[in-house]
Amino acid sequence: MLYQLHEMQRTFLNPLMQWAEASSKLFSNPVSPLAHTPFSQRIAAGYELLYRLGKDYEKPAFGIDTTTVDGKPVSIIEHATVTKPFCRLIHFRKDVREPLKQPTVLLVAPLSGHHSTLLRDTVRGLLPEHDVYITDWTDARMVPLSEGPFHLDDYIFYVQDFIRHLGPDVHVISVCQPTVPVLAAISLMATNNDPKLPKTMTMMGGPIDPRKSPTAVNNLATEKPFSWFENTVIYPVPPNYPGFGRKVYPGFLQHAGFIAMNPGRHAQSHREFYMHLVRGDDESAESHRKFYDEYNAVLDMPAEYYLDTIKTVFQEHRLPNGTWEVGGQLVRPQDIKTVALLTVEGELDDISGAGQTQAAHDLCSGIPADMQEDYVVPQAGHYGIFSGRRWRELVCPKITSFIRQHS
């Protein structure tokens, strides 16, 4: 009943949020007489803060319309090249007369609560020198029950299909959670001598071996028994969505978990947002809005996929233990011999601890040493390795150089 109760609460709160939004505009819009009354900025700021704390956050758009190639602006056309029930493969195509000779990149986004638009800055940084595709995972509550379940194995099969669709001259970049299924997908392709193997694979901040430098995220998965996850965080989708009856790990529960990891930091951020509004610091206030428009937009994960990940990745460590079977076939990273490997970790990452991603090098023992690189980003947290200044100035050039070297 928890999901249904949440939906009822949203229904009751919606009029209040609309009132708060309208009141904020009444006390801030220059054409409104109320905007010129004493303390109008503080009142408007209070109403907007109330509105943003209680509103529903829809999936944001990528909003990438242009990029720069060789110093010249180029328009970007975003469209889905492959559509599956649980994912779309989106291509950021450059609108040019003659095709550009740029490496093709498959950017595998996480299916771990947030939408793939969380990697907007990653896409924007790669676009000038690469032909970029990204996996856009579908909110499970929007997938009809008739489409069947979605397991961790299905994620792997999706990745393999996308690699074959773009390969063999494709470079795969996985961020956070997908490092594990991506490594499994490429391992299985190597074992089977698949002719569409990618040229390179870049693993960024992922739990290849979560036993190394375990974080709060890792500890939660190991401290609770598997039955706790089955009985506590899995709920059926209510009737007002296309996925009615599908069992999911709801986005609102995931969001509560995100906030609970650093409640003080989020509270301080909202206090600062209020003061920015009071002082008229529009630039800082807009920066807050953009961040939380993305951070607060969450999706439901298929229950089968989420539970498989808990058991396979975090509790039984099947990948580093060499016991993982997919479709009856053992996952053998040591069979990869021709795919260059780059691992990227943040020095201050509190989600995927130090060494968790680097573990891929030990597992991929068949890759020659001159085709393996590891990069630890100084002073970077988890999000800093794929978004923000350190991503743009340090990580993106490193990946670009690695891809060029092995193209």
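The values are calculated or read from the model by the stated rules, or taken from the named source; none is laboratory data. These numbers were taken from a predicted model, which means no experiment stands behind them. Heads up, the Cβs are rebuilt from the backbone with ideal geometry, glycines too, and the neighbour counts pull from every protein chain shown. Surface areas here come from the heavy atoms of the whole protein model, side chains and all, with no ligands, DNA or RNA. Shrake-Rupley method; radii C 1.70, N 1.55, O 1.52, S 1.80 Å.
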Fill in the blank from the handout: Taking r as the C-beta separation of K101 and R392 and R0 as 30 Å, the FRET efficiency to the nearest 0.05 is 0.80
Exercise for the section: Compute from the Cα atoms of the range 215-283 the Rg and the Dmax, the latter being the longest Cα-Cα distance, and quote both in angstrom. Expected result: 17.8, 50
Fill in the blank from the handout: Only helices counted: for the chain, with every DSSP H run of 4 or more residues adding -39500 (n - 2.57) and the sum spread over all residues, [θ] at 222 nm is -12000 deg cm²/dmol
Handout entry: With DNA, RNA and ligands ignored, accessible area of T81 (1.4 Å probe; Å², nearest 10)
Key = 50 Å²
Handout entry: Pairwise label distance in nanometres, E223 with V82, each label 7 Å out on the Cα-Cβ vector
Key = 3.9 nm
Practice task
Normalise the Cα radius of gyration of the range 76-128 by 2.2 N^0.38 Å (N = residues in it) and let me know the number.
Solution key: 1.23
Practice task
Mind pulling the angle between the C-alpha long axis of helix 2-26 and the longest principal axis of the chain? Nearest 10 degrees, somewhere in 0 to 90.
Solution key: 50 degrees
Handout entry: Accessible-area composition of the chain, carbon plus sulfur, in percent [1.4 Å probe]
Key = 53 percent
Handout entry: T37 paired with T66, simple spin-label distance in nm, labels 7 Å along Cα-to-beta-carbon
Key = 4.3 nm
Handout entry: Length gained when the stretch H270-L13 is fully extended (0.36 nm per residue, less Cα-Cα span)
Key = 90.5 nm
Practice task
With an 8 Å cut-off on Cα pairs and a minimum separation of 6 or more residues, tell me the relative contact order of the range 193-280 in percent.
Solution key: 12 percent
Problem - Gyration tensor (Cα) of the chain, equivalent ellipsoid semi-axes in angstrom - result: 37, 26, 20
Practice task
State, in angstrom, two size descriptors of the range 179-238 derived from its alpha carbons: Rg to one decimal place and Dmax to the nearest whole number.
Solution key: 16.6, 44
Exercise for the section: State the extension gain, in nm to one decimal, for the chain segment bounded by D370 and R279, taking 0.36 nm per residue of separation less the distance between their alpha-carbons. Expected result: 27.3 nm
Completion exercise
Measure of exposure for R389: accessible area at 1.4 Å probe, Å² rounded to 10, is 130 Å²
Exercise for the section: Give the relative contact order (percent, whole number) for the chain; include only Cα pairs under 8 Å separated by 6+ residues. Expected result: 19 percent
Practice task
Rank these residues by their accessible area, most exposed first, probe 1.4 Å: S365, S146.
Solution key: S146, S365
Fill in the blank from the handout: Taking the convex hull of the alpha-carbon atoms of the range 208-345 and averaging its shadow over every direction gives an area in square nanometres of 12.9 nm²
Handout entry: Net lengthening on full extension, A354/R289 (0.36 nm per residue, minus Cα-Cα)
Key = 20.3 nm
Practice task
Could you state the angle between the C-alpha long axis of helix 263-279 and the longest principal axis of the C-alpha atoms of the chain, as a value from 0 to 90 degrees rounded to the nearest 10?
Solution key: 50 degrees
Fill in the blank from the handout: Taking N as the residue count of the range 282-402, its alpha carbon Rg divided by 2.2 N^0.38 Å gives 1.31
Exercise for the section: Please name which of T117, I186, L330 has its Cα lying farthest along the dipole of the chain towards the positive end, using unit charges on Cβ (Lys, Arg +1; Asp, Glu -1) and the Cα centre as origin. Expected result: T117
